[in-house]
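Okay, structure first, notes after.
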């Protein structure tokens, strides 16, 4: 089977599962779940669904139990939405990549100093103000409306 078709099926399964978890799932354990990716083998009989769960490890375990309990329902949604010969059996795997990247970002913010402004002497602010005044005068001279003003009526256009 072509890799392109496998990728399309994986993307379709991801979309159906994500939509079902987000919009239709009523299990209170399955909260703060993001479907990261889906892998399907060539026979399309199974699918590994990689999810990210925001929260502590206890919340993560509860969310996985909720997903496992709703596995049949999610497979039924896939069968209804997708025209496949076999409905893939879902298995859920927690992907810690997003949590790790958030933790690394937090550590970098703490370790690195705040970036300093380029204009510490304040001279750059005056140039900006002068340019703003010039552009405002040119708009008034042209008779066109600014971004916050309504456009003047067009005399060539008939009223409805």
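The values are calculated or read from the model by the stated rules, or taken from the named source; none is laboratory data. This is a predicted model, so every value here is computed, not measured. Because the Cβ atoms are built from the backbone with ideal geometry, glycine has one as well, and the counts that use them run over all protein chains shown.
Of the residues making up the stretch 49-68, none is surrounded by 14 or more Cβ atoms within 10 Å (Cβ to Cβ), farther than 25 Å from residue 102 by Cβ, in contact with a helix residue (DSSP H, G or I) (Cβ under 8 Å, 6 or more places away or on another chain) and at pLDDT 95 or above.
Is it the case, given these coordinates, that residue 77 is closer than 19 Å to residue 36 by Cα, at pLDDT below 90 and surrounded by 14 or more Cβ atoms within 10 Å (Cβ to Cβ)? Answer is no for this residue. The lone criterion from (1) farther than 13 Å from residue 92 by Cα; (2) touching a helix residue (DSSP H, G or I) at 6+ places or on another chain (Cβ under 6 Å); (3) at pLDDT 95 or above left unmet by residue 38 is number (1).
All conditions but one from (1) closer than 27 Å to residue 99 by Cα; (2) loosely packed, with under 14 Cβ neighbours inside 10 Å; (3) in contact with a helix residue (DSSP H, G or I) (Cβ under 8 Å, 6 or more places away or on another chain) apply to residue 13; the one that does not is (2).
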